[in-house]
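Report on the structure given below.
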Amino acid sequence: MSLAILILGAGAASRMRGGDKLLEEVGGQPLLALQAARALRTGQPVVVTLPPFPHPRGAVLKEMPVARVQVRDAAEGMAASIRAGVAALAPGTRGVMILPGDMPEIDGADISAMIADWEPGEILRGAAEDGTPGHPVIFPADLFEELSGLSGDTGAREVLVRHRARIRLFHLPGRHALTDLDSPEDWAAWRAGGA
């Protein structure tokens, strides 16, 4: 049985004013492709949710051994991506790491360390060095049904609240667990070292 990595990549990127944050170059490649490559290096199955096909985001993943899942109701928000991604998990999957695609500081070492430390049955949540909760989050298989019933754009927040006693924080370096880049200004500040 495996632990799958679900990369959320179906969002509209509306704050980018015509740009696409998941196609911004980081380390010489589009961010979404970089995140998929980092996830693949763990040896775990990788599922990526995408806007309805055809879409440029899907094209940057075409040579990668990931499951590409189109989210026809992506406009609803993050819950639609989570529902579609969980539905695509292989039978017997024992847990899923939910990783937003727009967090460039979460690297392969972070992902691998969390997977290695996760205990089945718990929710393991990435946190900044100062303890502020963030991403990614690993959910055990017994919560897949609840994840499949989410709606709206608050992600899995309600599941985290309902099962807060099962959450253990995993401290990642610096602000890795918190840095998400939603606007051109965010990207400019981050590239300048000010984010």
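The values are calculated or read from the model by the stated rules, or taken from the named source; none is laboratory data. Computed from a predicted structure; not experimentally measured. For neighbour counting, all protein chains shown are included, and Cβ atoms are generated from backbone atoms with ideal geometry for every residue, glycine included. All accessible areas refer to the heavy atoms of the entire protein, side chains included, with ligands and DNA or RNA removed. Shrake-Rupley method; radii C 1.70, N 1.55, O 1.52, S 1.80 Å.
Computed over neighbours whose Cβ is under 13 Å from that of Arg38, the net charge equals -2, Lys and Arg +1, Asp and Glu -1.
Report, in deg cm²/dmol and to the nearest 500, the calculated mean residue ellipticity at 222 nm for the chain, where each DSSP H run with n ≥ 4 adds -39500 (n - 2.57) and the sum is divided by the residue count. Each step should come with its number before you reach the end.
Numbers: 7 runs with 53 residues, N = 195.
Dividing the helical sum by the residues of the chain leaves -7000 deg cm²/dmol.
Using the alpha carbons alone, the radius of gyration of the chain stands to its Kirkwood radius in an Rg to Rh ratio of 0.93. Find the centroid of the Cα atoms in region 172-195 and in region 103-167, then give the distance between the two in whole Å. Cα centroid of region 172-195 versus Cα centroid of region 103-167: 20 Å apart.
When restricted to Cα atoms, region 1-101 yields an Rg and a Dmax of 12.8, 42 Å, respectively. Evaluating 6.51 cos²θ - 1.76 cosθ + 1.60 at θ = phi - 60° for every residue in region 93-100, the Karplus couplings come out as 4, 8, x, 9, 8, 9, 10, x Hz, glycine and proline recorded as x. Rolling a 1.4 Å probe over the protein chains gives Thr42 an accessible area of about 30 Å².
Of the beta bridges in region 1-128, as assigned by DSSP with both residues counted there, near 10 percent are antiparallel.
Across the options Gly174, Leu124, Leu6, the greatest Cα extent toward the positive end of the charge dipole of the chain (unit charges at beta carbon of Lys, Arg, Asp, Glu) belongs to Leu6. The portion of the accessible surface of region 15-121 made up by carbon and sulfur, rounded to a whole percent, is 53 (1.4 Å probe; DNA, RNA and ligands excluded). Between amide H atoms placed 1.01 Å from N, distances below 5 Å from Val26 occur with Leu31, all of them 5 or more places distant or on a separate chain.
Max-minus-min Cα coordinates of region 124-195 on each principal axis give 42, 26, 16 Å, with the largest extent listed first. Each Lys and Arg contributes +1 and each Asp and Glu -1, all at the Cβ; summed about the Cα centre of the chain, the dipole is approximately 320 debye.
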